[in-house]
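Chemist: My structure is below; once you've seen it, I'll send some questions.
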Amino acid sequence: MNPSAAPASYLDDGHTLRSWLFTTDHKRIAILYIGAITFFFFVGGFAAFLIRYNLLSPKGLIGSAETYNRLFSMHGILMVWFFLVPAVPVTLGNFLAPLMLGARDLAFPRLNLLSWYLFMVAGVVALYAVVGGGVDTGWTFYTPLTSFYSKGHVIAAVVAIFIAGFSSIATGLNFIVTIHKLRAPGMTWYRMPVFLWSLYATSVILVLATPVLAMTLLLLAFERIFGIGVFDPKIGGDPLLFQHLFWFYSHPAVYVMILPGFGVISEIIPAFSRKELFGYKFVVWASIAIAVIGFLVWGHHMFVAGTSLFSALVFSLLSYMVAVPSAIKVFNWIGTMHKGYIHFDAPMLYAIGFIGLFTTGGLTGLFLAALAADVHLTQTYFVVAHFHYVMVGGMVSAYFAGIHFWWPKMTGRLYPEMWGRAGAIIIFVGFNLTFFPQFLLGYLGMPRRYFAYPQHFEALNLLSSAGALTLAVGYILPLGYLTWSLFYGERASANPWGATGLEWTTPSPPPTENFAVTPIVTEEPYQYRQAETVNHE
Amino acid sequence: MNGYLPSATVEGREVDFLILALVLVSCAVLALVFGLILLYVVRYRADSGVYRGAPGRKTWRFEISWTAATLAVFFVLFIWGGDLYVRLFQPPADALQIYVIGKQWMWKVEHQGGQREINALHVPINRPIQLVMTSEDVIHDFSIPAFRIKHDVLPGRYESLWFQVETPGTYELFCTQLCGVGHYSMSGEVVAMSQPEFETWLAGGAAPGQREDMAAAGKALFTAHGCSGCHGEGGVGGSPATTGVSAPALAGLLGRSVKLQTGATVTADEKFIRDCLLTPDKMPIAGYPQIMPSFSGQISEENVLRLIAYIKSLKSGSRT
């Protein structure tokens, strides 16, 4: 391609700080978000590191239970609302949705920028809350502990999450309208890549569930500040009401976290198998089914909380139902690899790691859905391990897979492949070393959120902390080589992976207007021609 | 502490059996998933010349098969876990009741004979034990891993937990619901002993002579707080002729259906008595003017439990 004829890339469209902070280009906003969530990921990760350091000794090494409680609350709050919930939608989703749709930008570019500013304001308030004063209620804010008994900056944390919620709603709304209205000519619903379907399902949950969280937090704040009895039985409230409302948001929210990951994996497996996605419509409708059923399972967090036997039975059954579509997806990804031409680039290694870790996380979810088993395992490290297998082993692996896969598109540079593969393998090993022992700890009865613990849990805790150190190396590595590649990486072509999808038809990095001519879509997604067959026949 | 494996209760072993089944199902699925991935990445790696054939077009048969298989397995697990859960939380009628109060950050236990202990619970083996639990402040959770059982302990309610220990021993007790800074320290031990040893333990302890059983203590409170002024000595009930006001009889109250002025009918359980004491305006009893004053803030959780124990001890028509 003649560089002088090509339109300037979005990265060259202004180099001033102002050109970034006042941009309405979805690609630049995505980059702003990547900077922000990477920061929160490492702050939250540092808290996790201190948690694992403390647990090296049964007596606790950091010397103060109050500090420990603040650390795990900080870890939870930052990781859930400032990394996991936004992670894929606001970064990869923001960057790719218009490119995959063949559009110029999202439907509401200024709303998109506003949602970044809301996110940043929320982030600053959250940092003030968790670092400045500290919150020791855990990320779940159970009442009446949170309403009256807890010291610390509870209100600041609540305000931060309240504001972040509006950022989520704005982003979700933007994606829904964009996917409805800005598809390129010929881009029918069933021609959309699965990533967009996942983003759509995620956005619907964000728009419907987040307001419930906002109301719940508002009620919590009213109770704490004005003493209006909502959740504390001493002043006429009901403590279980808080749990119902909180999980009515927070269970769908875990699907907000994982569904975009499913979308990323559904793009990567076909690309590196050089084969069409197996069972496209089943994968698509599995996402929608998860989004719908995900609203009906919140009660499974409360099997020992004091709800009725009948409600426990209903929520147990529904929890099994919501696991079915996830199983369908796993089988379809494996089916995609069957008779493919499998390449082992870093995104694919992350994706394969994702399938293994997510499946383990999902299967251990069956333990927690089985009522009698849940009674023993809930509120122990088993739940911690289960959650991290899905959210870190699954979701963070998917995020890393996506970042590597679309890195050439976003930056115009290739990352160093050997380093990428090494990082994927170190993360997989470190992750299992960290969290597998926690399943055993949970079965043996070690409660979560304990600053100090009985001696006989020590060996497994040492193993887990050793894993955390490995995992830390695995996460810092990509920070290093990806940054390096920004300056010294090889220039990327428009489509370095030979992947399908409109985003690969535009130069890397794309020009500000995305496409010189609006593309016209004439075929189904994932039409890999299996070019290699020619070589072998 | 000992005796974690195998579980010290019959129900605990059933839970272990369910968990074992879940482990086996998980291992089978993981073997399938990892096995297929491993097979495919070797067999269908890009530079492998193995013949791939024409790509299949029809996928729905596979989809239906694995969806149906997943559903079937899930349904079995659901029935299994649900059935056992219902049994785990339905205490036998003849269970020995022991009262537990959680507070930041300790467990207070009171036996019916008035024996009290902190962060420890002594129980006899081979006899169903039912804990009636409440909290003075935040939500706690009473968890005994060796029995594979736990339940949240909420303020303003009585939650119940039951078990029957087979193996004598000392077992760990944890609070497993985050309850503040001292959460990690809110642990203790459950000591299971034979019936004779348990009786010896009940009879021993500090100043056994001064101990008063819970119902007797409740009786003293019943007079001291003026309850008998309306409800009559022994809770026989009051009328304008006897006590000067209409007040319902309390003897034989537990387990009875009570009609409220709202038209609703409730079963009188511990929580009902507690609510009548602390928030009587919320449950006016049909047929009586609502003149019962609230004792909220005047009676400790322990004394509420003692009053309940006293009311429980009143049999219909009896005068103790």
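Just so it is clear, none of the values below were taken in a lab; they were calculated from the coordinates. Just so it is clear, the structure is predicted and the values come from calculations on it, not from any experiment. Every residue, glycine among them, receives a Cβ derived from its backbone with ideal geometry; neighbour counts consider all protein chains shown.
Chemist: Taking the Cβ of residue B:127 as the centre, find all other residues whose Cβ is under 13 Å away and add up their charges (Lys, Arg: +1; Asp, Glu: -1).
Modeler: Details: positive: none; negative: B:94, B:166, B:197, B:199.
Charge balance in the 13 Å sphere: -4.
Chemist: Okay, next question. So what's the gap between the Cα centers of the range A:410-463 and the range A:474-494, to the nearest angstrom?
Modeler: 24 Å
Chemist: While we're looking at this one, here's another question. Other chains' Cβ within 10 Å of A:66-77 residues: what's the mean? Let's see the in-between values first.
Modeler: On the way: counts 3, 1, 3, 6, 1, 0, 1, 1, 0, 0, 0, 0.
Taking the mean over all residues of the peptide, I get 1.
Chemist: Going by amide H atoms built from the backbone, whose H comes under 5 Å of the H on residue B:45, apart from near neighbours?
Modeler: A:342
Chemist: Return the sequence-ordered ³J(HN,Hα) values of the range A:141-152 in whole Hz as given by the Karplus equation 6.51 cos²θ - 1.76 cosθ + 1.60 applied to θ = phi - 60°, using x for Gly and Pro.
Modeler: The phi angles translate into 6, 4, 9, x, 3, 6, 6, 10, 7, 7, 8, x Hz.
Chemist: Follow-up. Neighbouring Cβ atoms within 10 Å as the yardstick, rank A:428, B:147, A:487 fewest first.
Modeler: Starting with the residue having the fewest Cβ neighbours, the order is A:487, A:428, B:147.
Chemist: What nm value, rounded to one decimal, do you get for the distance between residue A:527 and residue A:296 when each label is placed 7 Å out toward the C-beta?
Modeler: About 3.8 nm separates the two model spin labels.
Chemist: Something else: What do you get for Rg/Rh over the range A:246-377 if you use C-alpha atoms and the Kirkwood form of Rh?
Modeler: Details: Rg = 16.4 Å, Rh = 15.8 Å.
Rounded to two decimals, Rg/Rh equals 1.04.
Chemist: A follow-up question, please. Indicate the helices, whole DSSP H runs only, in chain A that combine a mean Kyte-Doolittle hydropathy of 0.5 or more with a Cα extent along their long axis of 18 angstrom or more. Mind dumping the intermediate values first?
Modeler: On the way: long enough: A:26-54 (41 Å, 1.18); A:65-79 (21 Å, 0.17); A:109-127 (27 Å, 1.42); A:154-181 (40 Å, 1.81); A:194-226 (47 Å, 1.88); A:239-273 (51 Å, 1.11); A:280-293 (20 Å, 1.96); A:309-337 (43 Å, 1.49); A:346-369 (34 Å, 1.53); A:397-411 (20 Å, 0.13); A:417-443 (40 Å, 1.02); A:458-488 (45 Å, 1.11).
Taking the DSSP H segments of chain A (at least 18 Å long, mean hydropathy at least 0.5), we get A:26-54, A:109-127, A:154-181, A:194-226, A:239-273, A:280-293, A:309-337, A:346-369, A:417-443, A:458-488.
Chemist: Let me ask something else. Can you give the FRET efficiency to the nearest 0.05 for residue A:458 and residue B:242, using r as the Cβ-Cβ distance and R₀ = 56 Å? Don't skip to the end; give the middle numbers.
Modeler: On the way: r = 66 Å, r/R0 = 1.19.
For residue A:458 and residue B:242, the calculated efficiency is 0.25.
Chemist: At 7 Å along the Cα-to-beta-carbon direction for both residue A:418 and residue A:311, put a label point, then send me their distance in nm to one decimal.
Modeler: 5.9 nm
Chemist: Roughly how crowded by other chains is peptide A:348-357, in terms of the mean Cβ count from those chains within 10 Å of each of its Cβ atoms? Each step should come with its number before you reach the end.
Modeler: Values: counts 1, 0, 0, 0, 5, 0, 0, 4, 4, 0.
Per residue, the average neighbour count from other chains is 1.
Chemist: Could you list which residues have their amide H under 5 Å from that of residue B:173, counting only those 5 or more apart in sequence or on another chain, with H placed in the peptide plane?
Modeler: For residue B:173, whose amide H was placed from the backbone, the distant partners under 5 Å are B:188, B:189, B:190.
Chemist: Highest mean first, how do B:117-126, B:279-288, A:250-259, A:263-272 rank when packing is the count of other Cβ atoms within 10 Å averaged over residues?
Modeler: Result, highest mean Cβ count within 10 Å first: A:263-272, A:250-259, B:117-126, B:279-288.
Chemist: Quick one: if you take sqrt(5λ) for each eigenvalue of the C-alpha gyration tensor of the protein assembly as shown, what semi-axes come out, biggest first, whole angstrom? List each step's numbers first, then the result.
Modeler: On the way: eigenvalues 636, 161, 119 Å².
For the protein assembly as shown, the ellipsoid semi-axes come out as 56, 28, 24 Å.
Chemist: Follow-up. When the gyration tensor of chain B is built from Cα positions, what are the square roots of 5 times its three eigenvalues, in whole Å, from largest to smallest? Walk me through the intermediate numbers first.
Modeler: Details: eigenvalues 562, 136, 56 Å².
Value: 53, 26, 17 Å, ordered largest first.
Chemist: Work out, step by step, the length gained on full extension between residue A:505 and residue A:208: first 0.36 nm times the residue separation, then minus their alpha carbon distance; give nm to one decimal. Each step should come with its number before you reach the end.
Modeler: On the way: separation 297, 0.36 × 297 = 106.92 nm, distance 3.45 nm.
Going from the current span to full extension adds 103.5 nm.
Chemist: Right, next: What is the average number of partner chain Cβ atoms found within 10 Å of a Cβ in A:363-369? Present the calculation step by step, with values, prior to reporting the outcome.
Modeler: Details: counts 9, 3, 0, 9, 8, 2, 5.
Average neighbour count from other chains, rounded to a whole number: 5.
Chemist: In chain B, which whole DSSP H runs stretch at least 20 Å along their own axis (Cα) and average -1.0 or higher on the Kyte-Doolittle scale? Could you put the intermediate results ahead of the total?
Modeler: Working: long enough: B:10-43 (49 Å, 2.00); B:60-88 (41 Å, 1.05).
Qualifying helices, which must be both long enough and hydrophobic enough, are B:10-43, B:60-88.
Chemist: Give the long-range amide H neighbours of residue B:107: residues separated by 5 or more places, or on another chain, with amide H under 5 Å away, using H modelled in the peptide plane at 1.01 Å from N.
Modeler: Counting only residues 5 or more places away or on other chains, the set is B:119.
Chemist: Evaluate E = 1/(1 + (r/R0)^6) for residue B:200 and residue A:476, where r is the Cβ-Cβ distance and R0 equals 60 Å; express this FRET efficiency to the nearest 0.05. It would help to have the intermediate numbers written out before the result.
Modeler: Working: r = 61 Å, r/R0 = 1.02.
Taking R0 as 60 Å, the efficiency between residue B:200 and residue A:476 is 0.45.
Chemist: Also, I was wondering about something else. Could you list, in their original order, any pairs among A:151/B:259; A:409/B:58; A:27/A:151; A:234/B:150; B:108/B:219 whose Cα atoms are separated by more than 31 Å? Mind dumping the intermediate values first?
Modeler: Numbers: A:151/B:259 43 Å; A:409/B:58 34 Å; A:27/A:151 42 Å; A:234/B:150 24 Å; B:108/B:219 21 Å.
Pairs exceeding the cut-off: A:151/B:259; A:409/B:58; A:27/A:151.
Chemist: Rounded to the nearest Å, what's the spacing between the alpha carbon centres of the range B:34-107 and the range A:36-90? Just the number, please.
Modeler: So the two Cα centres are separated by 30 Å.
Chemist: What is the percent of Cα-Cα separations in the range B:163-320 that go past 29 Å? Intermediate results must be reported in sequence, preceding the final value.
Modeler: On the way: 4474 of 12403 pairs.
For the range B:163-320, the fraction of Cα-Cα distances above 29 Å is 36 percent.
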